[in-house]
Ligand SMILES: [Zn+2]
């Protein structure tokens, strides 16, 4: 893919989810009467080259991802406003 815009404004699409889980060990704390589950695990899910993709990430990376996603949403909002404005000022009037 050709890079159209290249500047220091890291954005990201997709979403972050968290999960706690049980392991395979027989006598683990995650299988106790009051289970203490493993985790929290963080995952990023989104589209990469048209394929739905999931990546397991650290808490720190999840935090950075959320920051970039917020930036993306903000940029998208501004583009939507620009498009609205462009249509109001369309050349066919
Ligand atoms: Zn366990």
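Derivation of every value follows stated rules applied to the coordinates shown; laboratory data play no part. Every value quoted in this text rests on a predicted model; they were computed, and no experiment measured them. Methodologically, a virtual Cβ is constructed for each residue, glycine included, from the backbone with ideal geometry; neighbour enumeration extends over all protein chains shown.
Remarks
- Which listed residue is away from the ligand (no atom under 16 Å from the Cβ), in a strand (DSSP E or B) and exposed (fewer than 10 other Cβ atoms within 10 Å of the Cβ), from 43, 52: 52
- Filter result for residue 62 (within 16 Å of the ligand (Cβ to nearest atom) and either out of contact with any helix residue (DSSP H, G or I) (no Cβ under 9 Å at 6 or more places or on another chain) or not in a loop (DSSP other than H, G, I, E, B) (or both)): no
- Sole exception among (1) within 23 Å of the chain's Cα centre (by Cα); (2) more than 16 Å from the ligand (Cβ to nearest atom) for residue 93, by number: (1)
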